[in-house]
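*Asks:* Before I ask anything, let me first share the structure, which is written out below as structure tokens.
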Amino acid sequence: MTVIDPSEQSPGTRAATRKERVAGWRVGVLASPAAPVYGALLGIIIIAWIVVTIDGGEFLTTGNIVNMLQRSVALGIVSLGQTVVILLGSLDLSVAALISLSSLVTAQQMDGQSGNVIPAIVIVLLLGAGVGLANGLIITKLRVNAFIATLGMALILGGIIENGWSGPQGGVTDGFSQDLGYTRFGVIPMSFILFAVVAAIVWFVLRSTRFGYRVYAVGGSEDVSKLSGLRTHRTIIGAHILCSLTAVITGIFLASRLKAGTPTVGADGGYDLESIAAVVLGGTALTGGRGGVIGTIGGVFILAVLDNVFNQLEFNSFVRDVVRGIVIIAAVAIYARRQEKKA
Amino acid sequence: MSTENVSASGFGADAGDRGKRILSALLSTGTIFILLLILWVWITILNPTFAEPGPFLAYLKRSAPLVILAAGAYFVLVSGNFDLSVGSLVTVMVVVAARLIEGEPSRTWPVILLLLVIGAVVGFANGFISTILRVPSFITTLGMLLILNGAVFWWTGGAPRGALSENFRSIGRQGIEGIPWIEQLPWSVILMFVIGAASVLLMRADFGRQLIATGDNERAARLSGVRVDRVRILAFVLSGVLAAVAGILLGGFGGVSAQVGKGLEFDAITACVLGGVVLGGGRGSVVAAMAGALTLEALFTWLNLQGISGALEDTVQGVIIIGAVGFAAYRLRGAR
Amino acid sequence: ACGTTDDGGGETAGGDSTPAATATEGPKTDLGANSEFFNQEDYDKQLAQRTATPEGPADKPWEQMIEPGEMVDTSKYKAKKADNWNVCFSNAANDNPWRQNGGITMKAEADNTPEIGKFTVVDAEAKDDKQISDIEAMVSGGKCDAIIIAPNTTATLTPAVEKACESDVPVIVFDRGVQTDCPVTFIHPIGGYAFGADAAEFLRDNVKEGGKILALRILPGVDVLETRWSGAKGIFEEAGLNVVGVEFTDGDAAKTKSIVSDYLQREGSLDGVWMDAGATAVAMTEAFEDAGQEIPFVTGEDQNDFLTKWKEDGLKAIAPTYSNFQWRTAIIATTKILKGEEVPKEWILPQPKITQENLDQYVKPDMPPLYYALCGCEDLPGFPQKWGGK
Amino acid sequence: MSDQSLLQMQGIRKSFVGVEVLHGVDLDLRAGEIHAIVGENGAGKSTLMKTLAGVHAPDEGTIRIDGEEVTFHHPAAAQAAGVGIVYQEFNLLPDRNVAENVFIGREPRKAGLVDRRRMERETAALLEEVGESSFGPRTPVRWLSVAQQQVVEIVKARSLNARILVLDEPTAALAEGEVELLFTLVRRLQELGVGILYISHRLREVFALSDRITVIKDGGVVKTLDTSATNQRELVNLMVGRELDGYFPPRGDKADLGNVRLAVKQLSTPLLRDVSFEVRAGEIVGLAGLQGSGRTQIARAVFGADPVTAGTVEVDGKSVRFKHPRQAVKAGLGFITEDRKAEGLALAQSIADNMMLAVRTVLPARKRRSTPGLMSVRELAEVTELRARGPEQEVRFLSGGNQQKVVLSKWLQTQPQILIFDEPTRGIDVGAKAGIHDLIRKLAKDGVAVLMISSELPELIGMSDRILVMHEGRLAGELPGGASEPQIMELATGAQDEVAA
Ligand SMILES: Nc1ncnc2c1ncn2[C@@H]1O[C@H](COP(=O)(O)OP(=O)(O)OP(=O)(O)O)[C@@H](O)[C@H]1O
Ligand SMILES: Nc1ncnc2c1ncn2[C@@H]1O[C@H](COP(=O)(O)OP(=O)(O)OP(=O)(O)O)[C@@H](O)[C@H]1O
Ligand SMILES: O[C@@H]1[C@@H](O)[C@H](O)OC[C@H]1O
Ligand SMILES: [Mg+2]
Ligand SMILES: [Mg+2]
């Protein structure tokens, strides 16, 4: 019997380390699913710039850039949470309803009093945690598929909204609305800073905490994770709580922007499907386990740039939808090709 | 062979368990039929006329489009994909039909043919992009939803234009008259049963077995010679064509409307999941999926009869759907 | 102010008060009761305005105004250029036939106004947040000579409209209201109370006491729709009519039909149907036909399919309207402002109702089913093709 | 080896869907002992281990560790109690790197955050401990060969510092050379006092390694024996309940050989270089080689499952180029894949549907009725000695060996002229193995050309009429049937580059 002596493998070992170093770089930077996203973003910005300029408009002005940043906030924040659940191999279709509900509760709790701002925010965050917990429990303990569980949750929240409110709910405190909704630091809107902070937190959580590692593991394979001794249920529940929290933060932000809560702000914004589209545009695999928030941010910017260009070119909403649909499909098709080539 | 000990091999080692097996199969996939029966009985208790032929047929007639959509959704789901574009496809059907028919009865049949072709083409595009171009179908069909919605209204300038003809509308509205006892047998109910039967046969045929095997394990199916891309594309085509049929029925039933297809994709998927179809593919029966659609419609009727406040209706619906799916999962687990 | 009102008619009682709806404050837990959507003063005022004689040319109702009251001096908005104006329009949405019809009219009127060089439309797709950003972009872009706003929702668009008013560009609001009187003018028909009452009075006058009425509404929460229902509700109560149900149809024909069928099953029959908008009126009548029942007294709107069916099938009906020609008025008002001509602070348009007597003049066989009879667009270039007619 | 009982399992019962698969199993394990568990496919070995690992809760019975009763509701609880397990199926995340896989869910932390450095350092140390240097902690698992993955699995179990280590067929996916490495590791752990439960169908390993052997049959313990006090013959008898005489069916006669059925000429793919060989009707050609030497790649390329860059394939003298496996099936080829779960079976479908899957793709239903030689599902089950409850049973509920028989049936049904077997008896018990060997030989006798890939050298030597040996994507040489193991290994490792054919 031939026993392979490990020492014989030393040339191979050197090769392996070299390969690994190259791999590390490829995995870390180029092979990161975020790379093509920013390529696509850059491409779209260039095309947009050319088209808008030919049309006689201005694209890369400070005002316009600020406008784009501002527009990316609401979808951006909720997409961060959506990224986490999609990485986990789940998804959340209830975010739109939760955004509406949280905008309403924010307004109701603030009731025009500046003293109520902090308690209101706390209450709304608790609401988010509660809904996320419920989603997580339904998925793990009742074993209802995430698609149906969160679709059902959207119905439940929708009914609660309809039952409790028949129109906008005023009461968002003036100062709060001004601060979060309209203040700018130089050219940077305050709300964009909120987006950046939430993004940094989610990024950090995914990258550096055990919870983040577990999200990737469960997304890679729930079975493997469980058999390896990972408490998958806790991870799934935790991720859904995180997702719902980003939804309520979006709701709070929108309340500040509208100076009111409204029953339809979430559904009108299409935040459920659009956040999923943004995440996938950002290169995160719908099957879970691959991707991250950096890509999602790129995906959100792509949609924001498109939106801005549509406005400048005065596309009607129908043309917009057609172009959006094509861009989403085309971008993901390109990623898929890249993925295939690499394999 | 080295052994004659055949008694232990082959099947029937526990032939006595056959009854038990059937029972457990019924318990696992049969939950939906039990639920449907409970709802029907309950509705009848609330409103005894429900069980009479007229009202019951009216219920079936109203359910027919969703049942047909659920069958279409089933083919796609069982092959491991999603089709989120069927709702907007239904809208497209109605809007295109109105624009092209302009109330002219002679145009009805050519336009219907065209609608079926559009359904097939959209389905093919969905399938092609999702299989050959490897875009996840969730995204393909989400994009298609946007494209269809935008394109059709772009074409009509924002609002539906033109009008449906009477004979177009009669498919979704009328039926065979003068049948004793039930008076009218609606065309949509006939279509529903025909499509239901055809779907069952299709799933039992080689195509269906290959489709479900593909959804279960694509690599194994391919290595066994299954042209997995082709069967998946076909599933999307079926979904598109059935959405066209549903659109024709809904346009007939309700007339021109830009809202008609809104949210139907979710209803169809919900119906399938209620019926025990597993998202991700490979499991579930088409009959149960269609029963899921009937259950969903019965649930709407029940909610209406219960007089649950319009506002809380959605909440109750959400709780029941989650509860039913959770219950089915629980039974499946218990039965395993 | 308590609760929402309609398009703000009430607040202008003093002549210079806010011409817009007030906030809807506090949760609306009781949809049916709607007490918070009812304001007696506005209600009485609107009902009275129905019979007031409007000022202006009778053959051009879109130029008429009811009880104009305070006129605004717009000389400070007078455009520096004589022509080639860039008029910007932030539209809430283009999501129903009424809005689509109006949008076409508005564009045609703008094209027909020689001074307007560019008419820029940005569609908010029914998203409050988007509309706020759209308006911000219009203001900061500095390229608009006037900004027209059709707000998506009342309370929520207020801050953005206020911001826009702070710029030196004139702001014109129409259709739904906002909670500020900062815009140069606010254009709207009489209002929801009048609409709701027109329809309810028809049923009151025709249906016997205790008759069963079904009320169909599109969706909750839009003030101009809420007031329609709250305007009707009191009349039903007073008349002793039995409202067996109030349901939301989402503007979906199939859903409307299913709801009516369900009620026919449950109640056996209905004596009247009240609707807060007419887009699904035909589907509603078909539910009766499909159930083999005679169509009772019904109400709709000036959508062509309903009027046609009314005429052809001899329905017993009425169609209140929410004057679609206000979309045209918005451009006319803008033109006046940019020319420095005075406009009313609140421009109230007539709001005719279509009855059996005047039905024939509104049915348009050559126009598509979703055409709105009160288009006010027949004399515009491109009619009827631009509106889908033959 | 101490006599102190480390683990005691008593009266373990477990049923699925009302069918009991374990009827009161008793088992004990001492510290520093290697305790082998053997038994037929479906006997319940893996299920028993899963009750120990917290995957399945036993319906009845007790588990004691160090005399103390324990219940595990989750694999994490078993881990915490010192139970490590390498499952029969692979249990790694391909998208994560080695270190992340080893410490999955238990990442070391510093100040509340994952200490990636430490994680990698510890993984590197563990890899070094087992003498693995061909990859490092940061290598993505996707890049690893099956053998390397198995090393990761073992390192992962080891990283728990488990006192009880379960290895469920750890060598099933390994070639002989790699097996030795594994043995070294297992013995090292044994010296550290770890109690090891070792499941294998390879009796040679069992005798080489274990201290005691427990035979399980039909969900119950037949007997626990001291390895030194028994022999292969007795063991087989206990397992199968009958004598098995002689391992392999007799080779074919030279005279029985027919025409060249399959001719591969200068075949190249990204992983293969200029591979040429022929297989005649009635012949079994064995394909040997180390892991990753390209054996599977040959099969896939010939079958149209992977793209070919150069070369030709001829079937019955006609040049073919399959772009899709279906064309290969149509042309009379069959391919029993090495990984039956991932590539052989639609697990949620019935036995009947799986058996019919391939024939359905090439013969439409109406032609099937008139095609002679097609067997009923029941007949197929008998021919392959399948043990199952009925044709409607879902394949995922079958044990590994019975699943393999379903795969075989699927291909028998297409009446192939050329059959490629990739590890046909991986994870198959000795009794069934003999059955499959007989079947393969019988097929050859009936004129089928067989190409058989196997990592189990005795099997390859015993079955093949000729043996081709692969080395790094090239054909390193050819040996006659009955060649010796060292001869093959010499070619396979490239130890001697120029070899006579
Ligand atoms: N989750 C399950 N549901 C139903 N039946 C199961 C399940 N897991 C295993 N079984 C059944 O339990 C029996 C024992 O299976 P097990 O996998 O333990 O066998 P094994 O001894 O490990 O066989 P092999 O040597 O083939 O791996 C088999 O009949 C199998 O079909
Ligand atoms: N570096 C690699 N990248 C991608 N796929 C690979 C790589 N190496 C091997 N494979 C795939 O893995 C499979 C097995 O590889 P190969 O044919 O080289 O091994 P083998 O000799 O059959 O060994 P075994 O089957 O025993 O694992 C093949 O299908 C091949 O396509
Ligand atoms: O958009 C609304 C329209 O749908 C309704 O009919 O009238 C009021 C408008 O604001
Ligand atoms: Mg096993
Ligand atoms: Mg191989």
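The values are calculated or read from the model by the stated rules, or taken from the named source; none is laboratory data. Note that the structure is a prediction, hence the values are computed from the model and not measured. Don't worry about glycine lacking a Cβ; one is built from the backbone with ideal geometry, like all the others, and counts go over all protein chains shown. All accessible areas refer to the heavy atoms of the entire protein, side chains included, with ligands and DNA or RNA removed. Shrake-Rupley method; radii C 1.70, N 1.55, O 1.52, S 1.80 Å.
*Asks:* Expected output is a single nm value to one decimal: the length gained when fully extending between C:ALA291 and C:GLU341, i.e. 0.36 nm times separation in residues minus the C-alpha distance. What is it?
*Replies:* Values: separation 50, 0.36 × 50 = 18.00 nm, distance 5.71 nm.
Answer, rounded to one decimal: 12.3 nm.
*Asks:* Percent of accessible area on region A:149-188 owned by carbon and sulfur, 1.4 Å probe? Kindly include the intermediate steps, with their values, before the conclusion.
*Replies:* Numbers: 820 of 1320 Å².
In region A:149-188, the share of accessible area belonging to carbon and sulfur is 62 percent.
*Asks:* What accessible area per residue comes out for the protein assembly as shown, rounded to a whole number of Å², with a 1.4 Å probe? Please report the intermediate quantities before stating the final value.
*Replies:* Working: 56340 Å² over 1570 residues.
Ligands and nucleic acids excluded, the result is 36 Å² per residue.
*Asks:* Let me ask something else about it. Can you list the residues of region A:319-339 whose accessible area drops by at least 10 Å² going from the chain on its own to the full set of protein chains, with a 1.4 Å probe?
*Replies:* The answer is A:VAL319, A:ARG320, A:ASP321, A:VAL322, A:ARG324, A:GLY325, A:ILE326, A:ILE328, A:ILE329, A:VAL332, A:ALA333, A:ALA336 - residues whose exposure falls by at least 10 Å² when every protein chain is included.
*Asks:* Of B:ASP216, B:ASP229, B:ASP206, which has the largest mean-square fluctuation in a 10 Å C-alpha GNM of chain B?
*Replies:* For chain B, modelled as a Gaussian network with Cα springs under 10 Å, the answer is B:ASP206.
*Asks:* Now for a different question. In the structure displayed, which of B:LYS61/C:LYS257; D:LYS341/D:LYS410; D:LYS45/D:LYS442 lie more than 19 Å apart, Cα to Cα? Write down the numbers at each step before the final one.
*Replies:* On the way: B:LYS61/C:LYS257 12 Å; D:LYS341/D:LYS410 14 Å; D:LYS45/D:LYS442 31 Å.
Violating the 19 Å Cα-Cα cut-off are D:LYS45/D:LYS442.
*Asks:* If you stretched the chain out fully between D:THR230 and D:ASP26, how much longer would it get, using 0.36 nm times the residue separation minus the C-alpha to C-alpha distance? Display every interim value, and only then the final one.
*Replies:* Working: separation 204, 0.36 × 204 = 73.44 nm, distance 2.01 nm.
Here the segment from D:THR230 to D:ASP26 would lengthen by 71.4 nm.
*Asks:* Residue-wise, which Karplus ³J(HN,Hα) couplings in Hz belong to region C:82-90, taking 6.51 cos²θ - 1.76 cosθ + 1.60, θ = phi - 60°, and x for glycine or proline?
*Replies:* 7, 8, 6, 6, 9, 9, 10, 10, 9
*Asks:* While we're on this one: Students sometimes get this wrong: rank B:THR214, D:THR371 by accessible area, probe 1.4 Å, all chains present, largest first.
*Replies:* Values: B:THR214 0, D:THR371 45 Å².
Greatest to least solvent exposure: D:THR371, B:THR214.
*Asks:* How big, on average over all directions, is the shadow cast by the Cα convex hull of the protein assembly as shown, in nm²?
*Replies:* Its average projected convex-hull area is 58.7 nm².
*Asks:* Which residue, C:GLY192, C:GLY211, C:ALA150, has the largest displacement toward the positive end of the dipole of region C:140-227 when charges sit on each Cβ (Lys, Arg +1; Asp, Glu -1)?
*Replies:* In region C:140-227, that residue is C:GLY211.
*Asks:* Once both labels are modelled 7 Å past Cα along the beta-carbon direction, what's the B:ARG134-D:GLU129 spacing in nm?
*Replies:* Going by the 7 Å Cα→Cβ label model, 3.9 nm.
*Asks:* Name the residue farthest towards the positive end of the dipole of chain D from the options D:PRO170, D:GLY42, D:VAL25, assuming +1 on Cβ of Lys and Arg, -1 on Cβ of Asp and Glu, about the Cα centre.
*Replies:* D:GLY42
*Asks:* Below 16 Å, Cα to Cα, which aspartates and glutamates can C:LYS118 reach? Residues fewer than 8 away in the same chain don't count.
*Replies:* Answer for C:LYS118, where 16 Å is the Cα cut-off: A:ASP55, A:GLU314, C:ASP83, C:GLU109, C:ASP145, listed by chain and number.
*Asks:* Between D:SER319 and C:GLU55, what is the label-point separation in nm under the 7 Å Cα-to-beta-carbon projection?
*Replies:* Distance between label points: 9.5 nm.
*Asks:* Please give the helix B:108-131 orientation as an angle from the longest Cα principal axis of chain B, in degrees from 0 to 90, rounded to the nearest 10.
*Replies:* 50 degrees
*Asks:* Highest first, please rank the peptides C:161-167, A:125-131 by the mean number of other Cβ atoms sitting within 10 Å of their residues.
*Replies:* Working: C:161-167: 17.9, A:125-131: 19.4.
Packing order, densest peptide first, comes out as A:125-131, C:161-167.
*Asks:* A follow-up question, please. What is the calculated FRET efficiency for C:GLU357 to C:VAL244, with r their C-beta to C-beta distance and R₀ = 35 Å, to the nearest 0.05? Kindly include the intermediate steps, with their values, before the conclusion.
*Replies:* On the way: r = 30 Å, r/R0 = 0.84.
Calculated transfer efficiency: 0.75.
*Asks:* When Cβ neighbours within 10 Å are restricted to other protein chains, what is their mean count per residue of peptide C:133-141? All intermediate terms of the calculation are to be shown ahead of the outcome.
*Replies:* Working: counts 11, 4, 0, 7, 10, 1, 1, 6, 8.
Shielding by partners across C:133-141 averages 5.
*Asks:* So if R0 is 51 Å, what FRET efficiency would A:LEU126 and D:LYS223 give, r being the distance between their Cβ atoms, rounded to the nearest 0.05?
*Replies:* 0.25
*Asks:* Moving to a separate point now. Can you give the charge dipole size of chain C about its Cα centre, rounded to the nearest 20 debye, using +1 on the beta carbon of Lys and Arg and -1 on the beta carbon of Asp and Glu? Don't jump to the answer; show the numbers that get you there.
*Replies:* Working: 36 positive and 65 negative charges, 172 e Å.
Dipole about the Cα centre, nearest 20: 820 debye.
*Asks:* Quick check: with the 1.4 Å probe, what order do D:THR312, D:THR384 take by accessible area, largest first? Write out the running numbers ahead of the final one.
*Replies:* Details: D:THR312 55, D:THR384 15 Å².
Largest accessible area first, the residues go D:THR312, D:THR384.
*Asks:* When only the heavy atoms of the protein chains count and the probe is 1.4 Å, how do B:PHE236, A:PHE185, D:PHE207 rank by accessible area, highest first?
*Replies:* On the way: B:PHE236 0, A:PHE185 115, D:PHE207 55 Å².
The ordering from most to least exposed comes out as A:PHE185, D:PHE207, B:PHE236.
*Asks:* Next up: Which value in nm describes the separation of the simple spin-label points at A:ARG207 and C:GLN40, placed 7 Å from the Cα toward the beta carbon?
*Replies:* Going from the A:ARG207 label point to the C:GLN40 one covers 6.5 nm.
*Asks:* If the elastic network links every pair of Cα atoms under 10 Å, which of A:ASN308, A:ASN163, A:ASN67 fluctuates the most in the Gaussian network model of chain A?
*Replies:* Result: A:ASN163 has the largest fluctuation of those listed.
*Asks:* Shifting gears a bit: Just tell me which lysines come within less than 23 Å, Cα to Cα, of C:LYS45; anything on the same chain fewer than 8 places away is out.
*Replies:* C:LYS233, C:LYS345, C:LYS353
*Asks:* Taking only Cα atoms and a 10 Å spring cutoff, compute GNM fluctuations for chain C and point out the largest among C:THR53, C:THR158, C:THR321.
*Replies:* C:THR53
*Asks:* What accessible area, summed over both chains, is buried at the D-B interface (1.4 Å probe, Å², nearest 100)? List each step's numbers first, then the result.
*Replies:* Details: alone 22090 and 16890 Å², together 35270 Å².
Adding both sides of the contact gives about 3700 Å².
*Asks:* Report the accessible area of D:TYR87, computed with a 1.4 Å probe over the heavy atoms of all protein chains in place, in Å² rounded to the nearest 10.
*Replies:* 20 Å²
*Asks:* Please list 3J(HN,Hα) in residue order for region A:286-299, calculated via the Karplus relation 6.51 cos²θ - 1.76 cosθ + 1.60 where θ = phi - 60°; whole Hz, with x for glycine and proline.
*Replies:* With the stated coefficients, region A:286-299 comes to 5, 7, x, x, 9, x, x, 6, 4, x, 4, 4, x, x Hz.
*Asks:* Using a Cα-Cα cut-off of under 13 Å, which aspartates and glutamates could be cross-linked to C:LYS364, ignoring same-chain neighbours fewer than 8 residues away?
*Replies:* In chain and number order, the partners are C:ASP302, C:ASP305, C:GLU312, C:GLU378.
*Asks:* Right, here's the next one. Within 10 Å of each Cβ in A:100-107, how many Cβ atoms from other chains are there, averaged over the peptide? Present the calculation step by step, with values, prior to reporting the outcome.
*Replies:* Values: counts 0, 0, 0, 3, 1, 1, 0, 5.
Mean partner shielding for this stretch: 1.
*Asks:* Can I ask one more? In region B:243-263, whose amide N lies under 20 Å from the spot 7 Å out along Cα-to-Cβ of B:VAL117? List them in ranges.
*Replies:* Under cut-off, by backbone N: B:243-249.
*Asks:* Placing unit charges on C-beta atoms (Lys and Arg positive, Asp and Glu negative, everything else neutral), compute the dipole magnitude of region B:32-306 about its Cα centre in debye, rounded to 20. The partial results should precede the final answer.
*Replies:* Numbers: 17 positive and 14 negative charges, 127 e Å.
Dipole size: approximately 600 debye.
*Asks:* Still on this structure: In terms of modelled amide H atoms, which long-range or inter-chain residues lie less than 5 Å from the amide H of D:LEU262?
*Replies:* Excluding prolines and chain starts, which carry no amide H, the hits are D:VAL279, D:ASP316.
*Asks:* Would you kindly derive the ³J(HN,Hα) couplings of region A:183-191 from the backbone phi angles with the Karplus curve 6.51 cos²θ - 1.76 cosθ + 1.60 (θ = phi - 60°), listing them in order in whole Hz, with x for Gly and Pro?
*Replies:* Values, residue by residue: 5, 10, 9, x, 9, 7, x, 3, 5 Hz.
*Asks:* Going by average Cβ density within 10 Å per residue, which order do the peptides C:303-313, C:272-282 take, highest to lowest?
*Replies:* On the way: C:303-313: 21.5, C:272-282: 27.0.
Output ranking for C:303-313, C:272-282: C:272-282, C:303-313.
*Asks:* So if I place +1 on the C-beta of Lys and Arg and -1 on the C-beta of Asp and Glu, and nothing else carries charge, what would the dipole magnitude of region D:176-238 be about its Cα centre? I want it in debye, nearest 20.
*Replies:* Values: 8 positive and 9 negative charges, 35 e Å.
Dipole about the Cα centre, nearest 20: 160 debye.
*Asks:* Please compute the average number of Cβ atoms from other chains found within 10 Å of each residue's Cβ in peptide B:223-234. List each step's numbers first, then the result.
*Replies:* Numbers: counts 16, 22, 19, 9, 4, 2, 1, 2, 1, 0, 0, 0.
Shielding by partners across B:223-234 averages 6.
*Asks:* Quote to one decimal, in nm, the extra length available between B:LEU37 and B:GLU177 on full extension: 0.36 nm per residue of separation minus the C-alpha distance between them. Mind showing how you got there, number by number?
*Replies:* On the way: separation 140, 0.36 × 140 = 50.40 nm, distance 2.82 nm.
Result: 47.6 nm gained on full extension.
*Asks:* Let me ask you something else. Applying 1/(1 + (r/R0)^6) with R0 = 25 Å to the Cβ-Cβ distance of A:GLN339 and D:ARG396, what FRET efficiency is obtained, to the nearest 0.05? Mind dumping the intermediate values first?
*Replies:* Numbers: r = 29 Å, r/R0 = 1.15.
Computed FRET efficiency for A:GLN339 and D:ARG396 comes out at 0.30.
*Asks:* Dipole of region D:39-177 (Lys/Arg Cβ +1, Asp/Glu Cβ -1, origin at the Cα centre): which of D:LEU52, D:ALA81, D:ILE63 lies farthest to the positive side?
*Replies:* The residue sitting most towards the positive pole is D:ALA81.
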